[in-house]
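The values are calculated or read from the model by the stated rules, or taken from the named source; none is laboratory data. No experiment lies behind these values; they were computed from the predicted model shown. Glycine gets a Cβ as well: all are built from the backbone with ideal geometry, and neighbour counts include every protein chain shown. These accessible areas exclude ligands, DNA and RNA; they are computed on the full protein's heavy atoms, side chains included. Shrake-Rupley method; radii C 1.70, N 1.55, O 1.52, S 1.80 Å.
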Amino acid sequence: MPKECRRKTSKDSGISGINEGSRLERRAAGKSSQICDDLIQKAAQIAPSSATGAPAVMDARRVPQVTITPEGGGCSREMQQEDWEDVVDGPLRRKLSNSSISSTGSSAVESEDDLLSDNESKSKGIITLEHLVDTGESKPWWKLRTIVHWPFTAAQRRKLNWVQLAGHKGNFKAADEGNILKKFSENEMQCFEKLRDDVLFPFVPGYHGVVEKDGESFLHMTDLLANFDLPNVMDCKMGVRTYLEEELVRARERPKPREDLYKKMVEVDSEGPTPEEHSQRGVTKPRYMQWRETMSSTNTLGFRIEGIKKCDGTCRTDFKKTRSKQDVIQVFTDFVEGNVSIIKSYLSRLTEIQQALKMSAFFKQHEVIGSSLLFIHDHTGNAQVWMIDFGKTTVLPDGQTLNHGIPWQEGNREDGYLWGLDNLIHTLESVSSEGASDETFCSVTKENSQTTEPEGQ
Ligand SMILES: Nc1ncnc2c1ncn2[C@@H]1O[C@H](COP(=O)(O)OP(=O)(O)OP(=O)(O)O)[C@@H](O)[C@H]1O
Ligand SMILES: O=P(O)(O)O[C@@H]1[C@H](O)[C@H](O)[C@@H](OP(=O)(O)O)[C@H](OP(=O)(O)O)[C@H]1O
């Protein structure tokens, strides 16, 4: 469908599918109502066209309604969103967000700009969210609420799949069906090359080499969400340390207080910075990273939750103060909605990863920093865990190996990955023994999906 048609359709149809509750919520949200309107219009554009190819008349029962609502209460990870970019790959056109909150990617044949992006449009969907954050109106956290009216075709559901829960904005782009592009890093490329011949190979995204796009290099890899239907996704950053020893050395030699990190710290805990840091309105990177580690479960459990997106569209990245084992158990229980069989599938996958790690030559020879385990499950019962993000995974000098389970002391380069994995497995075992039901969730026959409220932090 030509773009002009799509835009006209969306404008003409307005926001006819919005329920009254959403309207009130949007009004209360003040400026965010504009975002909601934009998003609803954008989301509405994925409603099916008529057989003639003419714009579809928006049917309230079929139009997905997307709202973003600011939530109060506590700390959070800053939500970011940036431009949606066109990617044309043969017959397939996809768009992915570079957001650290959410985006959509499609392996569908229809252009993804139907959903949230339109470079010629002023609203650009969640772009408006970035604007709000940038203008100092950042709320503790944002909820991307997708109230979806079924039925959807499989292709339409895939359009809602992609989400970037953590990491740097601008790092991902769409690729051909079932794949994504991640901004090139020599380090990560080296890791993927070596992982091809390692026992960890089945647990990392498929790697298909380096590609050039618009003058930039990218790592071409499998989109792990592609085989899921309305996936629930969780990113857990592994290890007791999230910065490289060399970053520590550099900061000691040439301390560079950063205002952005100071602001992120103050947003979570106004008493976090020392009096000196307050007066210079800056903290160094390792100081910030260490503070993040002690606020969260990184130091105490050897892993931390970075973000979660559930199949109902809820996105949370406000886990900076989720530290105790009990809190983590609660988050996992909510994530799987008490479904013990999902937890059991996750546990068996984690055990496989643990065994592979113990045998892996790659793992022995690398300091694994800032790497995550990505948990993905859906209503069909499919549940997988993958190792992702090797941007800061660094090879050791020849002959040196790591244990990954002993405490870190500066100089020994230990990362605590295996210790963290052990704790993660025990945590999930507790979820399993505390859990009660084997129910399925986000059933495709559900009329509406609703959101859960955030835990106060
Ligand atoms: N292969 C993949 N398939 C699906 N989703 C992915 C994949 N790789 C990354 N993601 C999504 O993108 C997010 C960020 O990924 P990643 O950690 O690799 O990025 P990054 O920018 O290197 O992060 P950091 O800044 O923490 O190093 C993940 O939390 C996940 O939601
Ligand atoms: O999660 P937060 O609180 O937003 O903090 C960021 C997070 O720890 C990233 O892992 C880190 O990037 P690296 O892992 O690449 O170091 C980034 O550093 P940066 O600001 O220097 O990119 C931090 O700001």
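Distance from the alpha carbon centroid of the stretch 163-194 to that of the stretch 234-255 works out to 21 angstrom.
Farthest towards the positive end of the charge dipole of the stretch 294-446, among the residues GLY302, MET359, LEU421, is the Cα of GLY302, using unit charges on the Cβ of Lys, Arg, Asp and Glu. Relative contact order, whole percent, for the stretch 246-297 stands at 44, derived from Cα pairs under 8 Å and 6 or more residues apart. Each peptide in 164-175, 399-410 gets a packing score, the mean of other Cβ atoms within 10 Å over its residues, and the list from highest to lowest is 164-175, 399-410. Nonpolar atom fraction for the stretch 246-297, defined as the carbon and sulfur part of the 1.4 Å probe accessible area, stands at 48 percent. Using the 1.4 Å probe convention, the accessible area of the stretch 246-297 works out to 58 Å² per residue with neighbouring protein chains retained. Ordered by solvent-accessible area of protein heavy atoms (1.4 Å probe), largest first, the residues MET221, MET359 come out as MET359, MET221. For the residue pairs LYS173/LYS263; LYS173/LYS264; LYS194/LYS321; LYS182/LYS256; LYS325/LYS392; LYS320/LYS364, alpha carbon separations beyond 32 Å are given by LYS194/LYS321.
Taking a sphere under 12 Å around the Cβ of SER371 and counting the other residues whose Cβ falls inside, with K and R at +1 and D and E at -1, yields a net charge of -3.
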